[in-house]
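The values are calculated or read from the model by the stated rules, or taken from the named source; none is laboratory data. Predicted, not measured: the structure shown is a model, and the values here were computed from it. Every residue, glycine among them, receives a Cβ derived from its backbone with ideal geometry; neighbour counts consider all protein chains shown.
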Amino acid sequence: MGLFIAFEGPEGSGKTTQLRRLYRRLRRAGVPVVRTREPGGTRLGERLRALLKRADQNPAPEAELFLFLAARAQLVSTVIRPALAAGQVVLCDRYSPSTLAYQAYGRGLPLDQVADADRLATGGLWPDLVVLLDLPAEAGLARRGRAGADRFEAEELEFHRRVRAGYLELARSDPERWLVLDAQVPPGVLARQVWAHVRDLLVRRGLFPAKPVNLGRLLHRGNH
Ligand code: TYD
């Protein structure tokens, strides 16, 4: 079994940048890693993503929930589970915690029912680690700017405050699996904090250092 890490945070938290940095760090260390994103990551998921982000469509909260879950179900069964079964590290830009934060805390759908529906979609697959890059809603939205805002970015400030508070509550309820970091420190510092934590986790799981390449064989091959 590999290791499943989700990056989470409100708009403008810099999680995509941090995910990319961790991805490169793992690649350099020779750890087998795949990265993906939500909604998206599959053909079906990318089509649902386009529908979900369009500013001119306003699905009912329940319809929105099931579109996110449809994208997730497809991603879990065709990308995430196979990668984990092959022993890879999977980095996912948003996952189930986004649904709990946005659709339950943000939109106001009942948390327990959202969690049940999400478990049905994922078959109960929860990340080994959720990295939450936390910052005040105002700060995140300011970073992102309003130009070309999608349907979520265009939501009122109160919505984004509920999302942030929701994330923090979820993190408090399961501190073992959540790493909460201040997204407002410089990106290089943040990247080192993420790496230090992930490295420890990989060591504990026996996934780091990656198995050394057989140099003898490589050299031998190079001679011929
Ligand atoms: P995206 O461009 O990926 O935003 P970000 O760069 O902030 O990750 O757009 C995804 C949007 O969809 C984002 O505003 C959060 C929202 N979302 C949900 O509401 N529920 C979910 O389950 C997921 C995965 C995303």
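What about Gly124, is it at pLDDT 95 or above and either surrounded by fewer than 16 Cβ atoms within 10 Å (Cβ to Cβ) or touching an Asp or Glu at 6+ places or on another chain (Cβ under 6 Å) (or both)? Show your work before the answer.
Details: at pLDDT 95 or above: yes; either surrounded by fewer than 16 Cβ atoms within 10 Å (Cβ to Cβ) or touching an Asp or Glu at 6+ places or on another chain (Cβ under 6 Å) (or both): yes.
For Gly124, the condition - at pLDDT 95 or above and either surrounded by fewer than 16 Cβ atoms within 10 Å (Cβ to Cβ) or touching an Asp or Glu at 6+ places or on another chain (Cβ under 6 Å) (or both) - is met.
Looking across region 40-66 at every residue that is exposed (fewer than 13 other Cβ atoms within 10 Å of the Cβ) and of a type in the set (D, E, K, R), the one that is nearest to Leu125 (Cα to Cα) is identified as Arg43.
Being touching a Phe, Trp or Tyr at 6+ places or on another chain (Cβ under 7 Å) and under 16 Å from Trp126 (Cα atoms) narrows it down to one of Leu75, Leu69, Leu91, so name that one. Break it down into steps so the answer makes sense when it comes.
Details: Leu75 fails: touching a Phe, Trp or Tyr at 6+ places or on another chain (Cβ under 7 Å); Leu69 fails: touching a Phe, Trp or Tyr at 6+ places or on another chain (Cβ under 7 Å).
Result: Leu91 is the single residue among Leu75, Leu69, Leu91 that is touching a Phe, Trp or Tyr at 6+ places or on another chain (Cβ under 7 Å) and under 16 Å from Trp126 (Cα atoms).
Show me the helices (runs of 4 or more DSSP H) found entirely inside region 32-107 where at least 3 residues are away from the ligand (no atom under 11 Å from the Cβ).
Details: elements: 43-53, 61-75, 81-85, 96-99.
It comes to 43-53, 61-75, 81-85.
Which members of region 194-212 meet the condition of being charged (D, E, K, R) and in a helix (DSSP H, G or I)? Talk me through it step by step, then tell me what you get.
Of region 194-212, the ones charged (D, E, K, R) are 199-200, 204-205, 211.
Correct list: Arg199, Asp200, Arg204.
Reported count of residues in region 162-189, each being part of a loop (DSSP other than H, G, I, E, B) and either loosely packed, with under 11 Cβ neighbours inside 10 Å or small (Gly, Ala, Ser) (or both), is 4. Of the residues in region 15-34, none is over 30 Å from Leu207 (Cα atoms) and not hydrophobic (A, V, I, L, M, F, W, C).
Residues that are among the basic types (Lys, Arg) and closer than 25 Å to Asp134 by Cα: does region 74-93 have at least one? So that I can check it myself, show each step before the final result.
Restricting attention to region 74-93, the residues satisfying the condition of being among the basic types (Lys, Arg) are 81.
Imposing the further condition that a residue be closer than 25 Å to Asp134 by Cα reduces the set to none.
Within region 74-93 (the criterion being among the basic types (Lys, Arg) and closer than 25 Å to Asp134 by Cα), the answer is no, since none of the residues qualifies.
Among the residues of region 127-147, which ones are of a type outside the set (D, E, K, R) and either surrounded by 14 or more Cβ atoms within 10 Å (Cβ to Cβ) or within 27 Å of Leu75 (Cα to Cα) (or both)? Of everything in region 127-147, those that are of a type outside the set (D, E, K, R) and either surrounded by 14 or more Cβ atoms within 10 Å (Cβ to Cβ) or within 27 Å of Leu75 (Cα to Cα) (or both) turn out to be Pro127, Leu129, Val130, Val131, Leu132, Leu133, Leu135, Pro136, Ala137, Ala139, Gly140, Leu141.
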